[in-house]
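What follows is calculated from the coordinates using simple rules that are stated; it is not laboratory data. The shown structure was predicted, so the numbers you read here are calculated from the model rather than taken from an experiment. Cβ placement follows ideal geometry from the backbone for every residue including glycine, while neighbour counts extend to all protein chains displayed.
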Amino acid sequence: MSKNKFIAYENVFDESTLKGLFKLRAQGYYDEIKSPIKIGKESNVFSVTYKKEMRIVKVYRTAANFKKMYRYMHPDPRFARVRGTKLTVIYAWARKEYRNLLKAKKVGLNCPVPYAVHKNLVCMEFIGGSEPAKLLYQHKPKKPRVFYNQLIKEVKLLLKAKLVHADLSEFNILNFKEKPVLIDFSHAIDIRYPNYKSLLLRDMENLVRYFNKLGLKLDLDEEMARVLAVN
Ligand SMILES: Nc1ncnc2c1ncn2[C@@H]1O[C@H](COP(=O)(O)OP(=O)(O)OP(=O)(O)O)[C@@H](O)[C@H]1O
Ligand SMILES: [Mg+2]
């Protein structure tokens, strides 16, 4: 980070986040912070340079609503034992996103490759060209039916990895060159989670609602049966 940029970001990040960012940089995961992509309630997402490429660093805000995070995390057997301070929960939340991305990538999902997790920071693949890819809601697919079918394939692949995204909508799907890329995996849950089908149903409701708005005539029950079918 150049000196000026460091000064600019000093007010944005708390001290422990700054230390974490330095550590990730020292370990060679990125070279420079480039620009903010989204400053949100729960996280801030930055593009960073890495050699001649770009990467993403997602910074979970340490002031995030950790009670909600805890509610999502606790019934997931992988994180059932996470207790304690707010920071412990936020760090576990970042690890959860990282591990979910690893698992999803392993079955060949169209999602960012995760590179590192450290405290409240997740470093991952940058999706886009010279600019970050647009979200589905900002960039409607040219062929909604084709795009939707690809999405269904992704949801089925995720189930194969024993995961449900649990926050799937046009706001967490990038439209990159007319192909869906799923992002924001911190909510994603293991299908050993009790009642995972209700979360899958919510994801499918969002997709069906959005694509019906674009002119498809999808029936929620049929689409649920389609994703749950073995093939
Ligand atoms: N790997 C990526 N490549 C390009 N853009 C990304 C990437 N990851 C995130 N973004 C951009 O940053 C925005 C915020 O990312 P994301 O959805 O992961 O965080 P969030 O909505 O703040 O998550 P949470 O609600 O869990 O805090 C996205 O909507 C997208 O525009
Ligand atoms: Mg999001």
ask   = Between the stretch 103-165 and the stretch 166-221, what is the C-alpha centre distance in whole Å?
value = 11 Å
inquiry  = Can you give me the angle between helix 196-213 and the longest principal axis of the chain, using Cα atoms only, in degrees from 0 to 90, rounded to the nearest 10?
reply    = 80 degrees
query = Using the Cα gyration tensor of the chain, with a ≥ b ≥ c the square roots of its eigenvalues, what is the shape: rounded (a/c below 1.5), prolate (a/b larger than b/c) or oblate (neither)?
reply = oblate
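Taking the highest mean first, how do the peptides 20-28, 88-96 order by number of other beta carbon atoms within 10 angstrom per residue? Before the final figure, lay out the partial values.
Numbers: 20-28: 15.8, 88-96: 20.3.
Packing order, densest peptide first, comes out as 88-96, 20-28.
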note = Taking the dipole of the chain about the Cα centre (Lys, Arg +1; Asp, Glu -1; charges at Cβ), the one of 109, 57, 22 that reaches farthest to the positive side is 22
note = Cβ-Cβ cut-off under 11 Å around residue 132, Lys and Arg +1, Asp and Glu -1: the net charge is +2
Residue-averaged 222 nm ellipticity for the chain, from DSSP H runs of 4+ at -39500 (n - 2.57), nearest 500 = -13000 deg cm²/dmol
remark   = Scoring the stretch 134-228 by relative contact order with C-alpha pairs under 8 Å, at least six apart, yields a percentage of 31 percent
ask   = Relative contact order for the chain: what is it in percent, counting Cα pairs under 8 Å that are at least 6 residues apart?
value = 15 percent
key: 153, 41 arranged by Cβ crowding within 10 Å, fewest neighbours leading   = 41, 153
query = Which angle from 0 to 90°, rounded to the nearest 10, does the C-alpha axis of helix 144-160 make with the longest principal axis of the chain?
reply = 70 degrees
Most fluctuating residue given options 164, 107, 45, as computed from a GNM of the chain linking Cα atoms under 10 Å = 107
